[in-house]
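Report on the following structure.
The values are calculated or read from the model by the stated rules, or taken from the named source; none is laboratory data. Everything numeric here is computed off the predicted structure, so don't read it as measured data. For neighbour counting, all protein chains shown are included, and Cβ atoms are generated from backbone atoms with ideal geometry for every residue, glycine included. Ligands, DNA and RNA are stripped out before the accessible areas are found, and what is left, the full protein with its side chains, is counted by its heavy atoms. Shrake-Rupley method; radii C 1.70, N 1.55, O 1.52, S 1.80 Å.
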Amino acid sequence: MEGLVVVDAANVIGSVPDGWWRDRHGAAERLRDRLAALAERGLPPRPGVPEWAEQPPVDLVLVVEGAAREVAPVPGVRVERAAGSGDDRVVEVVAAREPGRPCLVVTADRELRERVRALGAEVTGPRAVRPAD
């Protein structure tokens, strides 16, 4: 069964002070495009990334909120728009997956990590999908 990678867009984008706040929509599009490349080749091997997520193809979901809500999906990346809290939408996506389907959530948000772990998801930080430092 193919695993699911759910990315908390606001948290990942906000993890690097690169001026994203001047263009939140554009920052979300850049993240989406980076994820599309990862969908084809798998996530890079890093601590916290399970082996199944390193093997292509990867089913990627980008959860967006606020000014980034209008970001369109692209091949390889499904976009889930949060009507309210992005964290709540991440939890809903994780909870709705097929029983037994592996899931990795990419976020540094401690409370969100606890919520998705309680649903059986693994978690890793934003570096899993950001360019190498």
Expressed per residue, the solvent accessible area of the chain in Å² (1.4 Å probe) is about 51
Karplus-derived 3J(HN,Hα) from phi for region 30-44 (6.51 cos²θ - 1.76 cosθ + 1.60, θ = phi - 60°), whole Hz, x at Gly and Pro, runs 5, 5, 4, 5, 5, 5, 4, 5, 5, 4, 7, 10, x, 6, x
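Antiparallel DSSP bridges in the chain: what percent, to the nearest 5? Before the final figure, lay out each step's value.
Numbers: 1 of 18 bridges.
Close to 5 percent.
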Mean-square fluctuation maximum in Gaussian network of the chain, Cα pairs under 10 Å, restricted to Ala96, Ala118, Ala68, hits Ala96
Over all pairs of different Cα atoms in region 1-77, the reciprocal of the mean inverse distance gives a Kirkwood radius in Å of 12.9
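With a ≥ b ≥ c taken as the square roots of the eigenvalues of the C-alpha gyration tensor of region 67-133, please select rounded if a/c is under 1.5 and otherwise prolate if a/b is larger than b/c or oblate if it is not? Before the final figure, lay out each step's value.
Details: a/c = 1.37, a/b = 1.13, b/c = 1.21.
Rounded, because the longest to shortest axis ratio a/c is under 1.5.
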Toy charge model, Lys and Arg Cβ at +1, Asp and Glu Cβ at -1: the chain dipole around Cα centroid in debye, rounded to 20, equals 140
Expressed as a whole-number percentage, the relative contact order of the chain with C-alpha contacts under 8 angstrom and at least six residues apart is 32
What helix-only [θ] at 222 nm does the chain give? Using -39500 (n - 2.57) per DSSP H run of at least 4, over all residues, to the nearest 500, the answer is -10000 deg cm²/dmol
When the charge dipole of the chain is computed with +1 at the Cβ of Lys and Arg and -1 at the Cβ of Asp and Glu, the Cα pointing farthest to the positive end, of Val5, Val77, Thr107, is that of Thr107
